[in-house]
Amino acid sequence: MSVTPDLIREKLIAEIGAIHVDVEDTSPNRCAASFKVLVVSPQFEGKALLQRHRLVNNCLAEELKEIHAFEQKTLTPEQWEKQKPQ
């Protein structure tokens, strides 16, 4: 299985109810899978950063086995409204 930005985006939307997902493929020369993601989900409400990251990591457990580097930013919808580009 090849991990793609679309696969990551679709899983996060389906499994943790993400309302916004940005996935950037940061793989240098495509030789090792590397991604940077921004995930906005109501499921993050009231959860600490570590708990949010665990939700994402659990959702993508199979994909993470094939990913060399994975950077994530997790926000609630309220946090996203304050930070999103205008």
**Study point:** Subset of the stretch 72-86 [under 14 Å from R9 (Cα atoms) and either open to solvent by 50 Å² or more (accessible area, probe 1.4 Å) or in contact with a Leu (Cβ under 6 Å, 6 or more places away or on another chain) (or both)]
**Key:** K73
**Study point:** Among (1) touching a Phe, Trp or Tyr at 6+ places or on another chain (Cβ under 9 Å); (2) free of Cβ contacts under 8 Å to residues at least 60 places away in the same chain, the one test that A61 misses
**Key:** (1)
Point to revise | the stretch 13-32, subset at pLDDT 95 or above and assigned to a loop (DSSP other than H, G, I, E, B), residue farthest from C59 (Cα to Cα) | key: I19
Review point. What number of residues in the stretch 10-33 are in contact with a Cys (Cβ under 7 Å, 6 or more places away or on another chain) and either closer than 14 Å to F70 by Cα or crowded, with 17+ Cβ neighbours inside 10 Å (or both)?
Key: 3
Check your understanding: open to solvent by less than 80 Å² (accessible area, probe 1.4 Å), within 9 Å of the chain's Cα centre (by Cα) and on the phi < 0 side of the Ramachandran plot, is that true of L7?
Key -> no
Review point. When the stretch 39-69 is examined, which residues are found to be open to solvent by less than 50 Å² (accessible area, probe 1.4 Å), at pLDDT 95 or above and not in a helix (DSSP H, G or I)?
Key: V39, V40, S41, L60
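The values are calculated or read from the model by the stated rules, or taken from the named source; none is laboratory data. All figures in this text were calculated on a predicted structure; none of them were measured in a lab. In this analysis, Cβ positions are derived from the backbone assuming ideal geometry, glycine residues included, and neighbour counts consider all displayed protein chains. These accessible areas exclude ligands, DNA and RNA; they are computed on the full protein's heavy atoms, side chains included. Shrake-Rupley method; radii C 1.70, N 1.55, O 1.52, S 1.80 Å.
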